[in-house]
Each structure stands twice: as C-alpha cells, then as structure tokens.
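**Student:** Below: one structure in structure tokens.
The values are calculated or read from the model by the stated rules, or taken from the named source; none is laboratory data. In this text, all values refer to a predicted model and were calculated from it rather than measured experimentally. Please note: Cβ atoms are built from the backbone with ideal geometry, for glycine as well, and neighbour counts cover all protein chains shown. Heavy atoms of the whole protein, side chains included, go into the accessibility calculation; ligands, DNA and RNA do not. Shrake-Rupley method; radii C 1.70, N 1.55, O 1.52, S 1.80 Å.
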Amino acid sequence: MVPRTSGELHAALKEVFELAGYRRYKMSKFEEYDLYAKNKDFLVSENVLTFTDLDGRLMALKPDVTLSIVKNCRESEGVEKVYYHENVYRASEKNLGFREISQAGLECVGDVDEYCVCEVLGLAAKSLLSVGRPCELDVSHLGLLCELFDACGLSPEGRSAAVRLIGEKNPSGLKALLESENTEPRIAEKLISLSLIDDEAAEAAKKLRELLKDAVRRENLDLFAETCSFLSEEFGGTVRVDFSTVGDLSYYSGIVFKGYVDGVPSSVLSGGQYNGLMKKMRKSSRAIGFAVYLDLLEPLFETQNSFDADILLIYPPEAAPRVIYSAAKKLSAGGKSVLTVKSEPRGMMFREIYKLSAGGEAVREK
Amino acid sequence: MKNDMINIALPKGRLGDNVYEMFSRAGWRCPEIENPGRRLTFENPETGVRYFWVKPSDVAIYVEKGAADIGVAGKDILLEYSPDVYELLDTGLGRCRMAVAAPKNFREDLKKTLRVATKFPNIAKRHYSSLGRDIDIIKLNGSIELAPILGLSDVIVDIVETGATLRQNDLEVFDTLFEISARLIANKSGYRFKREKINMIKSSLSALKGENND
C-alpha cells in the first residue's frame, strides 16, 4: 500500500526494518556535548544546541543518531541490528536557526560480514520503494576510489579536492587537478573513467572488473562486483552504481550510498560503511547503516491529502448546541471527519459542505 | 507542469543570451523565447524543454532546489555559494577571472588588517585564509571599484573581464585567484529521473564547446 501520510510511511519503514529482525532503539534526546565536539566532521552541520545540565555537564540536543548508537554499542556481542525513529536538532541551511528533524534509519554494528552489507543495501532499497514513487538507490565504493587515489599519489588536499570534483560529476575539473598533482596519465585516465561510472548494477560490475583489474586489490573488487550482481538480481534498475556518490573519507571506508525519490530535489536517504568512525571512537568492530530524512519526504504527502476535513458543517449562531452536536454526529458516521463552525474558514478544502437549517437539518451545499 | 519537460534556468543578461544561442545551435531551440512578450516561461513541446530567465546569482538556487532540472551558472557563483549540484560541463562561455585588484601605487602593509571590498565574501575569505592573512571584509553589491578609490577598502576581490574598468580608475590586478566560465549544472535528484535527456543536452553542448574556445 502506498503511504498517504508521514505516519503511514513511518509504519511502512518500521515493517521493513522489523521483518529483517531489527530491534527498535529508543534513545534519550540528550547526549554529552563532548561526543559531537570530537566528531564535528561527521555531522551535517557543526552547530549543536547545547545547555548545562544540573550537575554542570555540557549537554546537547542530539544532532545525530549514529554517533550515540556507536558509542553505546556492545562490541563483544556478535552483531547488533537496530533501527530508530527519532527527532534530531540541527541548524537549518544557511544557518537561519535550529530545526527539529524527523529521521528514521538503521545501524548494523559489530561483526559485520558481506551478508550484513547486502542486507542493509537491500533494506535501503526497500525503504525507498516503500515511498511508492519512482526512486533510485545509488551505490559507490570509497575503498576502490581510495586505492586509485593512492596509485595517483594524491596529496591530502588533492584527495579532498578529488572527492569534491567526483561528487560534482566534473571530469574536466578532475583532469585539471590530476595534471596539477603530476599523476601518471594512465592512472589518471582510470580514475576519471571510474568517476564516470553511472550504470545499472550488473552493467557497472562488468565495467568495474574490466577497468580496475590489476589496479586495485582483487578481494575488494570481487566483493563489490558480487554485491552489485546481487543488487541487480534483487532490485533491477532501482539500484545503480554511481561513483559520484561520495562521503567523508575519514569516516566512511567502503560502500556508500544515497537514495533519491522523484519529486524531492535532494537525496532522501544516505548511508554507508563507517568503519573510519568506529576506529576514531576506538571500536574495533565494523559498522554500516543509513538514515531516511522523513522531513524531506513530507511535502509529497501534503499534496496528496488535499482536503482539510471530509465535511464542513456551518451552523447558524442561534442554533442550540445539542442540535449542532447531533447533526455533526450523524455526518461523522462511517468515520468521516467533520469540522463544525459558524462561518466558512478561508483557505481550507472540504469534500462536502453542509449548512444547518433553522429546523436542525443539515443541508448539503455542493 | 508536465514532468517529462526539462526545466532550464538561464542567467539574465548578455551571458544568458549567449547561452541560449548555444542551446539553440545545439538543437534545443525554443521559438517562444525569441518573441517573449510578457511570458515568464518558454516551452518547446517538440524538443521537451522549458526555459526561464533568472538573476545570474539565482540560477544555482533554482537548480539546487529542483525548480530547474539544469541551468547555466558562472564558476564564480558556484564557488561563492557552494550549491549541492552536479557541474556537468564547462561551456567555455563568459570567460573571465576572479582577481585581487588595488590602486596602482598600492603597497600592502602586512602589519595591518587588510580591508577587502567584494561581492564574493566567501571566495575572499577562503583565499586570504589560505594565505593566513587577517582581513576585514566589506560586502558590497555593486560598483566595487569605487571602494579603494574612496578609501573604503585597501583592495577589491572581483571579476575582471578585459581590465578596462580597472585601468580607467587607476586600479590594477595584483593577483589572479582562478579562471571563470559558465558551467552547465544539474539538480542531483532531477538528473536521476531525467538522465537520458540531460545527457543528450550535455553531449550536444559539449560538441559545440570547441567552437566557443576558438
């Protein structure tokens, strides 16, 4: 069933996550600020809402869920599979004030093997499909990119610039950068070709094997190509391999992915293998997860629910309350919503409009 | 609006005229735009494109927010506002450079905070921060060359095309920050659902690019 409200979408996502055995992770709204101060680059916005707790500790309203889950995960217990639906607090674009943002997602932390990676990618694709609109999940592999960066001999600044240019689908900029870094033309050509891969998963797997044989570690290439083949078999054209999908190299290490839904101008789902973050937080295990930005999907539902209520009932000022109540009760039979007011409100839409007559009868207007 | 049309944001002004001319030569002509009247959007149902003119500095916003699928914006605007868009092609049009200029007799006093007048505060901030130089930014919206003449600033960071305005006002270029040209940009989500057509437009423009460079 296609969700009509954000509540229905949340229920659909919950079902997707729970059917795969993920448990709900409910967390407190606050966390010690120190956690975010140490991992500012991982956050979408550096600005964090803080306050001093009664015991003097500097606390923050959560700007992110992943950091809290990673901090609290128990490493000795195999793999932990959890999902969440929480509000986070972030500065809006261009820093025009803080906003409360509704976010759902999942994290798989611990002994993460290739099956876990495929499972999470599959759940990301299913989450997008549950929105009920044309959608696409784009997958990339930062490990393969980094191996080519090493082969190109890029400086740390060159690597950051290369990630930015690849993310912009800007091959001419990337070519100029590689020339300025004195990269061997043959390797530079490989990196530019890799950055331009944007194909259905099965086709991309073939291209990658051809392009990267002898250029990267065989094991990494085989695993990613296998994952691509699996995604192609399960989800067809919904999943593509697009190497312009990138993330912060200090946090993300292997597969990264973003999801798009037609009608929403930016990515509505974002995730990846964040083993770099685990290392930074002194955890030895691996992790993968994603978040769905429910606030970005909300405008889709608003346009679908074009009526404010099923019925508008307008009553005359002299009508007795019990007569009005009885008329409204009759109209609401069968679960219809009824707004009962003295005059027609401006800027609202109703399926049907009724007027209460002097005799206490509701007469349909149009 | 029909969803299969490609919405294209063009920058108003001389650059925009040249950009439309390039689109037209590449096979994306729109007769409506050549006789505009009072219309604000111009469609060619045969080729499936819809054009509209916006302020050059707004093109990137229209594209980032998805009101336009693609657009053409100067590299200066992209570096100043850092919109989250794809930069698919350097069209080669509108070539100029971002430069630091100052009065001809200017001698920089490194002991003082440098006063910089500019329309591009983010670009200026990044440039001087990479040099470790302490600066005071004076954000102006036009007539930037006036600032050092009247003592409002020591230098300016601005676009230089031929340098004629600078010369007429006894100013000269002290440093070039980067070269500028007009870029074809695309919305990241729109690109996914209209990939084939956007790539067709990109390829047809790319084929003409050599002519712009001549």
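**Student:** Taking amide hydrogens as modeled 1.01 Å from N in the peptide plane, which residues meet the under 5 Å criterion relative to A:Phe243, leaving out close sequence neighbours?
**Tutor:** A:Ile197
**Student:** Then there is this: For helix B:14-25, what angle does its Cα long axis make with the longest principal axis of chain B, in degrees from 0 to 90 and rounded to 10?
**Tutor:** 30 degrees
**Student:** Per-residue mean of other chain beta-carbon atoms within 10 angstrom of the beta-carbon, peptide B:185-197?
**Tutor:** The shielding value for this peptide is 5.
**Student:** Shielding by partners for A:261-273, please: the mean number of other protein chain Cβ atoms within 10 Å of each residue's Cβ. Provide the component values of the computation, followed by the final result.
**Tutor:** Working: counts 3, 6, 5, 2, 13, 8, 4, 1, 0, 0, 0, 0, 0.
Other-chain Cβ atoms within 10 Å of each residue's Cβ, averaged: 3.
**Student:** Give the aspartates and glutamates reachable from A:Lys126 as a straight Cα distance under 18 Å; neighbours fewer than 8 places away on the same chain don't count.
**Tutor:** A:Glu8, A:Glu15, A:Glu18, A:Glu107, A:Glu136, A:Asp138, A:Glu200, A:Glu233, A:Glu234, A:Asp262
**Student:** Taking only the alpha-carbon atoms of segment B:35-159, what semi-axes of the equivalent ellipsoid follow from 5 times the gyration tensor eigenvalues under a square root, in whole Å, largest first? Spell out each step's value before the answer.
**Tutor:** Numbers: eigenvalues 269, 50, 28 Å².
One finds semi-axes of 37, 16, 12 Å for segment B:35-159.
**Student:** Per residue, how much accessible surface does segment B:74-180 expose to a 1.4 Å probe? Answer in Å², no decimals. Mind showing how you got there, number by number?
**Tutor:** Details: 5590 Å² over 107 residues.
Spelled out: the 1.4 Å probe surface of segment B:74-180, per residue, equals 52 Å².
**Student:** Going through segment A:243-304, which trypsin sites (Lys or Arg not before Pro) have at most 11 other Cβ atoms within 10 Å and a DSSP loop state?
**Tutor:** Working: sites: A:Lys258, A:Lys279, A:Lys280, A:Arg282, A:Lys283, A:Arg286; in loops: A:Arg282, A:Lys283.
When the trypsin sites (Lys or Arg not before Pro) of segment A:243-304 are filtered for loop state and at most 11 Cβ neighbours within 10 Å, A:Arg282 remain.
**Student:** Right, next: Give me the 1.4 Å probe accessible area per residue for segment A:307-364, excluding ligands and nucleic acids, in Å².
**Tutor:** Here the residues of segment A:307-364 average 68 Å² of exposed surface.
**Student:** With a ≥ b ≥ c the root eigenvalues of the C-alpha gyration tensor of segment B:1-66, is it rounded (a/c under 1.5), prolate (a/b larger than b/c) or oblate?
**Tutor:** Here segment B:1-66 falls in the rounded category.
**Student:** Can you sort A:Glu234, A:Glu119 by 1.4 Å-probe accessible area, starting with the largest?
**Tutor:** Values: A:Glu234 115, A:Glu119 25 Å².
Per-residue accessible area, sorted high to low, gives A:Glu234, A:Glu119.
**Student:** Continuing with the same structure: Using θ = phi - 60° and the Karplus relation 6.51 cos²θ - 1.76 cosθ + 1.60, list the HN-Hα couplings for segment A:261-268 in order, rounded to whole Hz, with x at every Gly or Pro.
**Tutor:** 10, 4, x, 10, x, 10, 5, 9
**Student:** Need one value: the accessible area of B:Arg39 in square angstrom, 1.4 angstrom probe, rounded to the nearest 10.
**Tutor:** The accessible area comes out at roughly 120 Å².
**Student:** Follow-up. Please give the residues from segment B:65-87 for which the solvent-accessible area of heavy atoms, probe 1.4 Å, is smaller by at least 40 Å² with all protein chains in place than with the chain isolated.
**Tutor:** B:Lys65, B:Tyr86, B:Glu87
**Student:** Could you derive backbone 3J(HN,Hα) for segment B:33-50 from the dihedral phi with the Karplus parameters 6.51, -1.76 and 1.60 (θ = phi - 60°), listing whole Hz in sequence and x where the residue is Gly or Pro?
**Tutor:** 6, 7, 10, x, x, 9, 5, 10, 10, 9, 10, 10, x, 5, 8, x, 10, 10
**Student:** Tell me the GluC sites (Glu not before Pro) within segment B:107-168 that lie in a loop according to DSSP and have at most 14 other beta-carbon atoms within 10 Å.
**Tutor:** Numbers: sites: B:Glu108, B:Glu145, B:Glu161; in loops: B:Glu108, B:Glu145, B:Glu161.
Loop-located and lightly packed - B:Glu108, B:Glu161.
**Student:** On to the next question. Post the alpha-carbon centroid distance, segment B:1-50 to segment A:132-208, in whole angstrom.
**Tutor:** 33 Å
**Student:** If you don't mind, there's one more thing I want to ask. Once the Cα atoms of helix A:185-195 and of chain A are each reduced to a long axis, what angle between those two axes, in degrees from 0 to 90 to the nearest 10, is obtained?
**Tutor:** Approximately 20 degrees, to the nearest ten.
**Student:** What number comes out for accessible area per residue over segment A:3-150 if the probe is 1.4 Å? Units Å², please.
**Tutor:** Per-residue value: 45 Å².
**Student:** Sort B:20-28, B:109-117 by the packing proxy (mean of other Cβ within 10 Å over each peptide's residues), most packed first.
**Tutor:** B:20-28, B:109-117
**Student:** Of the accessible area of segment A:45-125, with the probe set at 1.4 angstrom, what percent is carbon plus sulfur?
**Tutor:** It is 49 percent, rounded to a whole number.
**Student:** Cross-link candidates for B:Lys119: which lysines have Cα within less than 28 Å, leaving aside residues fewer than 8 places away along the same chain?
**Tutor:** Answer for B:Lys119, where 28 Å is the Cα cut-off: A:Lys94, A:Lys169, B:Lys12, B:Lys55, B:Lys65, B:Lys75, B:Lys104, B:Lys111, B:Lys139, B:Lys188, listed by chain and number.
**Student:** Something else about it: Please identify the GluC sites (Glu not before Pro) of segment A:1-99 that satisfy two criteria: DSSP loop assignment and at most 15 other Cβ atoms within 10 Å. Which are they?
**Tutor:** Here the GluC sites (Glu not before Pro) that fit, given the DSSP loop and packing criteria, are A:Glu46, A:Glu75, A:Glu77.
**Student:** Quick check: at a probe of 1.4 Å, how many percent of the accessible area of segment A:307-364 sits on carbon and sulfur atoms?
**Tutor:** 52 percent
**Student:** OK, next. Given the -39500 (n - 2.57) contribution per DSSP H run of 4+ residues, what per-residue ellipticity at 222 nm results for chain B, rounded to the nearest 500 deg cm²/dmol?
**Tutor:** -9500 deg cm²/dmol
**Student:** Sort A:143-150, A:100-107 by the packing proxy (mean of other Cβ within 10 Å over each peptide's residues), most packed first.
**Tutor:** A:100-107, A:143-150
**Student:** Using alpha carbons only, how many degrees (0 to 90, rounded to 10) separate the axis of helix A:156-167 from the longest principal axis of chain A?
**Tutor:** 50 degrees
**Student:** A further question follows. At a probe of 1.4 Å, how much accessible area disappears from chains B and A on forming the pair, both sides counted, to the nearest 100 Å²?
**Tutor:** So the buried area, both faces added, is about 1600 Å².
**Student:** With the alpha-carbon atoms as the only input, what is the per residue convex hull volume for the protein assembly as shown in Å³? It would help to have the intermediate numbers written out before the result.
**Tutor:** On the way: hull volume 141.5 nm³, N = 580.
So the per-residue hull volume is 244 Å³.
**Student:** Moving to a separate point now. In whole angstrom, and with the biggest value first, how far do the Cα coordinates of segment A:6-303 range along each principal axis?
**Tutor:** 61, 44, 40
**Student:** Another one. How many angstrom lie between the Cα centre of segment A:1-24 and the Cα centre of segment A:238-280?
**Tutor:** So the separation of the two Cα centres works out to 21 Å.
**Student:** Can you list, bin by bin at 5 Å, the percent of alpha carbon pairs in chain B, starting at 0?
**Tutor:** 1, 7, 14, 17, 16, 12, 10, 9, 7, 4, 2, 0, 0
**Student:** Along each of its three principal axes, how wide is the spread of alpha-carbon positions in segment A:307-364, in whole angstrom units, largest first?
**Tutor:** Rounded to whole Å, the extents work out to 28, 26, 16 Å.
**Student:** By DSSP, what percent of the beta bridges with both residues in segment A:307-364 are antiparallel, rounded to the nearest 5?
**Tutor:** Looking only at bridges with both residues in segment A:307-364, the antiparallel portion is about 25 percent.
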